[in-house]
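One structure below.
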C-alpha cells in the first residue's frame, strides 16, 4: 500500500487545485435536465432487450451503448462514491464497504453541490452510501434539494426511507414494493419541478437487482432480488448464462485460494438459475420506471432538453469460475457494467462505442452537460475520468488504448469464501493484470501482505479461462512486464494530462 504521507500530500494537492478548464461554463447555452439511473449489482449479461425492452427502445436505441464499460471498484459503497466525485477510490478515500461514508474525503465537494451552484434543482431517490446514517443520521446529504433515501436494513418490503430527514415506514402491500415507491417519487419530482426555469438533476439509485428481503409469500426469490408481485414468474430467460466460464472445469491456473472451489452440483445450478430469474424479474419494474420518466419529460415538453444515463454500480457473478455469488474480484462478470447515454435535443449519436470507459467518467459527463465546475468552498477536485460526450458524438481521441485502474482494499480478516482482501489491477490493451497485495493465508484465511499475480489476454480469452501469470511465452511475458509497469504508474494517479495540474502520483489515462 502507498505510504501515508504520499496519500495525504496527494489529497491536499487535489483539493487545492485550480479549476480545470474543461469544465468552464458554456456561456448562454441552455442547461439540459439530467437523469442518472443506477441499478445495484446488475450483471452485464442481464442488460438485454429481452429483459429491459423499454430501456433499450428509449435509451439505447436513441442514444449510445457503451459496450466496454467497467467499474473502477466492484463494490457498492466505493463505486457510489466514485459516482459523486469522479475519482478513483485512492483519491476519494473509500476502498471498501466497511470504510463507509465517514471515509469520504471532502463530502461537501461532490456532484450535487456543484450542480446546485450551477443552478440545478437536485434530487436523490433511492440507495445512498453505506455508513451514512452512522455519520449524519437521516438528514439529507450535501447538495440535494430533494432527498428520499433508503435507511438500513435495506429491503424491498417492510423498510424505512428518509424523506427530507423524516423516517417514513413502508409495509408489505404491493404498492409498498421499494422499486415502485422509488419510481413514483422520481416521476413526482419531475412533474412538480420541470418548468423550464431551472434545470433538474435526478439521481435515481435503485436497490434492484441486489439481494434483499421481500414479501414472505414469494418463496421463489428467497436469497435473491425480490420482484414486484405482478412480475413474479415472468422471467423471459430460463436462468444464468452458460458462458465458457460457467462452472469452469479447470481452475488449476487460478490463485491458490480459488482452486479449491468445487464444481457446482445440480442443486446449486438450479439455485443459481432461480436467483438469476429473480434478477431479471426485479428489473422489470426498473424498466417500467425508465419509460415512465421519459413519458413525464415528454408530457412536460422538456424531453428534447433532457439527457439520460443508465448504468449499474458493479456487476455480479452467477456461477462463473465455480463462484455461486460475489462481486469484489477483478473478473469480467464483476467489473463489466451496463452503460447507455441518451443526449438531449435530438443529438446525432454513435449507436455503439466499444472503446474502454469507466464509472468515473459519469461525473465529467454530467458536468460538461451542465456547464458546471467541480468546485465548492474555494477548492476543486481533480477528476480522474473523461467526459463521454466526445465518444457519443463519434470522437475517439483519448479513449483508444486507454488504461483503467481497478482497486479494492478490504479489512484483512478471515475470508470464508476464499478471496484476497486487497488488489490493484489494470485493464489495458485488451488484457487485464491483477496484483493481489493482501492474499489470504493458506491456513487461517486471514489476509496478509504479499503479491499474487493474475494475467489474462481478454481478446483471445474473454472469459478468463487461462491465467498467463506464469506463462513463459515471450508475448505473454512481454505483456506482463508492460502491464506491471502501467499498473505502478496508475496506482496513485490523479487527473488527466493537458487538463489538470500535475500531482506526485502522475496522471491517469
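Please treat every number below as a calculation from the coordinates, not as lab data. Please read these numbers as outputs of a predicted model, since none were measured by experiment. All Cβ positions, glycine included, derive from the backbone under ideal geometry; neighbour counts span all protein chains shown.
Sorting 64-71, 130-137 by average packing, meaning the other beta carbons within 10 Å per residue, from highest down gives 64-71, 130-137. By other beta-carbon atoms within 10 Å, ranking 254, 57 with the fewest at the front produces 57, 254. Taking every DSSP bridge with both residues inside region 31-400, close to 40 percent are antiparallel. When only alpha carbons are used to place a centre, region 473-508 and region 85-155 end up 29 Å from one another. Taking each DSSP H run with n ≥ 4 as -39500 (n - 2.57) and averaging over every residue of the chain yields -7500 deg cm²/dmol at 222 nm. Rounded to the nearest Å, what's the spacing between the alpha carbon centres of region 326-347 and region 380-432? Just the number, please. Distance between centres, Cα-based: 12 Å. The residues 257, 128, when put in order of fewest to most other Cβ atoms within 10 Å, stand as 257, 128. Look at [x] 63, 57, 44; [y] 76, 52, 47; [z] 71, 56, 42: the one that is Cα extents along the principal axes in Å derived from this structure is [x]. For region 102-200, what class follows from the C-alpha gyration tensor (a ≥ b ≥ c being the square roots of its eigenvalues): rounded when a/c is under 1.5, otherwise prolate if a/b is larger than b/c, else oblate? In terms of gyration-tensor shape, oblate.
Starting from the Cα gyration tensor of region 249-340, take the square roots of the eigenvalues, sort them a ≥ b ≥ c, and report rounded, prolate or oblate (rounded when a/c is under 1.5, otherwise prolate if a/b is larger than b/c, else oblate). It comes out oblate by the Cα gyration axes.
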